[in-house]
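A short worksheet on the structure shown next.
The values are calculated or read from the model by the stated rules, or taken from the named source; none is laboratory data. None of the values given here were measured: they were computed from a predicted structure. When we count neighbours, we look across all protein chains shown, and the Cβ atoms used for this are built from the backbone with ideal geometry, even at glycine. Side chains included, ligands, DNA and RNA excluded: accessible areas come from the protein's heavy atoms. Shrake-Rupley method; radii C 1.70, N 1.55, O 1.52, S 1.80 Å.
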Amino acid sequence: MGQQEKVATSLAGAVSEEISASLTAVDAELARRYPGDPGTRQPVHTVYVPGDVFEPGTLRSWGDRALAALDEHAPDAASFAAVLGISEELAGPVHDRVRAKLEREPVEDLRIDFEDGYGPRPDVEEDEAAARAARLVSEAYADGTAAPYMGIRMKCMEAGVRDRGIRTTDVFLTGLMEAGGLPEGLVLTLPKVTYPEQVTAFVQLLEAFEKAHGLDAGRIGFEIQIETSQSILAADGTAAVARMIDAARGRATGLHYGTFDYSACVGVSAAYQASDHPAADHAKAVMQVAAAGTGVRVSDGSTNVLPVGPTDQVHEAWRLHYGLTRRALARAYYQGWDMHPGHLPTRYAAVYAFYREGLEPAAARLAAYVAKAGGDVMDEPATAKALSGYLLRGIDCGALDTAEVAGLTGLTRADLDAFASPRRGDLTVTAP
C-alpha cells in the first residue's frame, strides 16, 4: 500500500466543539424547515367535482366515460399512439396500461368542490351538501371504492366568504368523525390564498377542530392554492408563498397552481390563459423554489380545453393536454388538475410514456451508481436520489412494475425508498 502518511493537525478539539455549538440553532432550523420529501405517494393529478354533482358512482363514471372516449376516438394502441406521437415501441405498453388504469383506479385524487365549481348557495343547501359529501367519502373508504386521496376545496378565507368556508370545513370534518373518523387519504384545499395570515387562520381552525375531537395535533394537513399575484410577490418584495409554507406550521402538503385565476390576476387575456404561458412558468418556478426541501409538493394547474365533440376536435384537445402534461413532467411538476373524464386517457398516457421512456436509462445509471461501476455519466448522491424518486413515482402510478425495476437495478422497493427519502436516515442497500 506504500508508505503510511503522518497525520498532523493544528487546531484543538475545542475549536470544532465551539463551531458546532454556534451552529446548533441553525441545525435545528434546517431540520425543521427542510425535512425533505415525505416519501409518500404523490398523485399524478387532482380531479374536482362540484359538491352538488358528486355521487357514489362518480369515480367509476369518470373511468367509464374515459374508456368510452378511447373506444370512440382511438380504439386501439396504434391509433392512440398516432394521435399523441407516441413511439411504436411504447404504443402497446402505454395503451394497455392506460386502459387497465381506467378500469382499476381512474382517479387518484378527488376534490369535492365548494368554491368556484360550486358557487354561492343558501346556507342550508351548502350545509346539506357538505354533510352529504362527508357521508359519501366515508362510505367510499369503507366499501373500497374511494380514490387514494379524497377531500374538499372549501371557500377561501377572504372576508366575503370566510364564515361560509369555515362552516363547510367544520360540517365536512365533523361528518367524517361521526362516520368513523378521518380517512388516511383525507386532503383539504384552501383556495385563493393571498396573505400568510390567511394560512395562519386556517391552521387555527384545524387546531380547534383537533382539540374538540381529541385528535393528535397536526393530524389534518392541507394544500395551499396559489391563484393571486400577491402570493408570489408580496407588497414588500418578498416571496409570500415561502412565508405561507412557514405559516402552515408543518401542515402544508402541497402548493397548487390555479391557472385561470392567476392568469386573470396578472392581466393575461382569456385566449392566452394556459399553464405554459410565461406568467404561469414564473409563478410555478417561484413555488417550486419556495417548496424545495420542505416536503411540500407542487402541482401544476389545468387546461380548460375539453376533449368533446367530433373526433378531430377531441384529438386536437388530447394533443394539447398530452403536450402540456409532458411539459410539466419535464419541469418536475408531477401533478396537475384534470377537469373532464376525457382528460384521463391523455393524463395517464403522458405520465406512462414519460416513465417508460426513461426506465432503462434511469435504472442503468442507478445500478452503476450502486455498483460503483462508473459509465459515461458521473453521478452523485443527489442524482441517485432523483433517479430513485423517478422510478418510485413510476411504480406508484402504474407506469412501471416493481419487478421490472428490481430486475434492471437489483434494488428492492425498500432500497429505492432509502435512496429517495432523506427522512429514512442512513442508506442500507440490500443488493449486491
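The percentage of C-alpha pairs in the chain whose separation is greater than 38 Å is 27%. Taken one residue at a time, the phi angles of the range 96-113 give Karplus couplings (6.51, -1.76, 1.60, θ = phi - 60°) of 5, 6, 4, 4, 5, 5, 5, 7, 8, 8, x, 10, 8, 8, 10, 10, 7, 9 Hz. Gly and Pro are set to x.
The count of lysine pairs in the range 43-355 with alpha-carbon distances below 30 Å, taking only pairs 8 or more places apart or on different chains, stands at 6.
Remark: the range 256-413 carries 41 Å² of accessible area per residue (probe radius 1.4 Å; ligands, DNA and RNA excluded). Projecting the Cα positions of LEU206, THR194, LEU173 onto the charge dipole of the range 144-229 (unit charges on Cβ atoms of Lys, Arg, Asp and Glu, taken about the Cα centre) puts THR194 furthest along the positive direction.
Cα centroids of the range 51-122 and the range 208-226: 31 Å apart. Considering helices alone, the calculated mean residue ellipticity of the chain at 222 nm is -17000 deg cm²/dmol, with DSSP H runs of length four and up weighted by -39500 (n - 2.57) and normalised per residue. For the chain, averaging the sequence separation of C-alpha pairs within contact (under 8 Å, six or more residues apart) and dividing by the residue count gives a relative contact order of 17 percent. Taking only protein heavy atoms and a 1.4 Å probe, the accessible area of the range 32-135 is 52% carbon and sulfur. A cut-off of 5 Å between modelled amide H atoms, ignoring neighbours fewer than 5 places along the same chain, links SER299 with LEU255, HIS256, TYR257.
Summing Cβ point charges (Lys, Arg +1; Asp, Glu -1) relative to the Cα centre of the chain gives a dipole of roughly 560 debye.
Dividing the mean sequence gap of close Cα pairs (under 8 Å, 6+ apart) by how many residues the range 358-418 holds gives a relative contact order of 39 percent. Using the Cα gyration tensor of the range 299-399, with a ≥ b ≥ c the square roots of its eigenvalues, what is the shape: rounded (a/c below 1.5), prolate (a/b larger than b/c) or oblate (neither)? In terms of gyration-tensor shape, prolate.
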